[in-house]
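As structure tokens, the structure follows; a few thoughts come after it.
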Amino acid sequence: MGIEITENHLPIQFTSNRAQLVHRWSPYIQGFSSAFVQYVIDKYRPIYKDPAILDPFAGSGTALVQAKLNGFRSSGTELNPLLQFLAETKLNSWHVLPDTVVETFDRLPKNLPKRAPEFLKSDRHFNPPVLRNLELLRGAIDSLPDKEDRQRHLKDLMRLAFASILVDASNLKRTPCLGYDRKKRVADDAPWTLMRAKVLQIATDLSSLQNHFPWTLHTPSNIVLANAMTWDHQTQFDLVITSPPYMNGLDYVMNYKIEMAWLGFVTYMRELKSIKDDMVVCDNVSRGLINDFASSDGKYTNDWLEQIKDEMASNIARRGNYRRPDMPNIVNKYFDDMYRVMRHVARSIHPGGRFLLVVGDSLIADTYVPTDLMLARIGMEPEIGLQLESIEKARHRASGQVRSYRLRETIVTLLKP
Ligand SMILES: C[S@@+](CC[C@H](N)C(=O)[O-])C[C@H]1O[C@@H](n2cnc3c(N)ncnc32)[C@H](O)[C@@H]1O
């Protein structure tokens, strides 16, 4: 396609958000960094004076929170109800008085336990005294009133704080996938001490927002629990800043099952599965879904994608034994899903607006998949109609399959003419 990939080293990983106002309320490490979003906003500030910003894969809300800190309107879609709730709470509680947050926590009753979610292995996830304290905290937060808006915002902040401490209070770690940490020692009263520290952090940030960013408090931001492939936005946007799931990346449902279940977003394992089935696929998607996709009509493909699939199929046949022999169809479904998202989102961009995607490429079954180039090509399909402006390499990553193999993480910028 005659495009040069330029070097532009940028801090695109979420890790740096852990020290940032509001972003740090939820400690998830799969997002991109607020510094990256700020870089994009500053770069395009001279072009779009008061940009409306969209993130179709909003996650825990990095792009939207950063837009709001700049006083810019923003919207997003997100399919995981936990992440949508966290982003919504991070965006729409900036007016809550910091003292009331601390007082609400300090007055929580300590005698209303609510049982741990039953379909999880909670007694393995948590030591018995920790589990009892979590059940007390869960019951106490559930008992808070929520009839009036003011009460609901406070309760949501308590629920967010509770979600943020669950993995820290558990015998697990997130790296970024959830796994047991045998060396970890958790104090019996950790749920209360961790949650108080989180509540103080939130109160400190609310006070900073109210004192230093008062003009942003009521900047509209909305994040809907919806599928980016089908959700119709009511307005048009100047800048889309997003990071889609990576093809052989993280499972955005199973990795959050503890928080989703403890906050009551799911009650059964099958609900987790059904949320996951609607998402852009990851590489442990259900086999049934891929079988159905393989036999369906009208899927997106192109000559280059077919070559990649053929090479992958012959590598899998040569190996004789591969975890997912249906991987070529998983890859096809990934690009089909992304085609649907990009076609839908492109309709909501103003002429002259830009669509920026932070993406990582993959090495799958010894086959190189240049996700950035493929997404650029998809964006230029006639039904989508975007023009490729640049592909910038922000950092190298090691492949999960062959550690010495250098993969890249890039920013693809597409322009709506
Ligand atoms: C790479 S993460 C985005 C993280 C985000 N930038 C942040 O800072 O938190 C991709 C997100 O897309 C969501 N997702 C996957 N498929 C989706 C779909 N079809 N519609 C909306 N959201 C989806 C996942 O749940 C996940 O939160």
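Where a number appears in this text, it was derived from the coordinates with a stated rule and is not lab data. Note that the coordinates shown come from a computational prediction; the quantities given were computed from them, not determined experimentally. Because the Cβ atoms are built from the backbone with ideal geometry, glycine has one as well, and the counts that use them run over all protein chains shown.
Taken along the Cα-to-beta-carbon direction at a fixed 7 Å, the label points for residue 183 and residue 50 span 5.3 nm. Note on the stretch 343-417: percent of Cα-Cα distances in each 10 Å bin, starting at 0 and stopping at the bin with the largest distance, equals 20, 44, 24, 11, 1. Rounded to the nearest 10 degrees, the angle from helix 190-212 to the longest Cα principal axis of the chain is 80 degrees.
Exposure proxy for 407, 82: other Cβ atoms within 10 Å of each Cβ, ordered fewest to most, give 407, 82.
Neighbour counts of C-beta atoms inside 10 Å place 326, 181 in the sequence 181, 326, starting with the fewest.
Sorting the segments 168-178, 235-245 by their residues' average number of neighbouring beta-carbon atoms within 10 angstrom, most packed first, yields 235-245, 168-178.
Listed by Cβ neighbour count within 10 Å, with the fewest neighbours leading, 391, 53, 316 appear as 316, 391, 53. Across all Cα atoms of the stretch 49-134, the radius of gyration (one decimal) and Dmax (whole number) stand at 18.0, 55 Å.
Can you order the peptides 333-346, 284-297 by their average number of other Cβ atoms within 10 Å per residue, highest first?
Numbers: 333-346: 22.2, 284-297: 13.1.
Output ranking for 333-346, 284-297: 333-346, 284-297.
The order of the peptides 198-206, 139-147 by mean Cβ neighbours within 10 Å, most packed first, is 198-206, 139-147.
Remark: the residue 297-residue 147 segment gains 49.2 nm on full extension, using 0.36 nm per residue and subtracting the alpha carbon distance.
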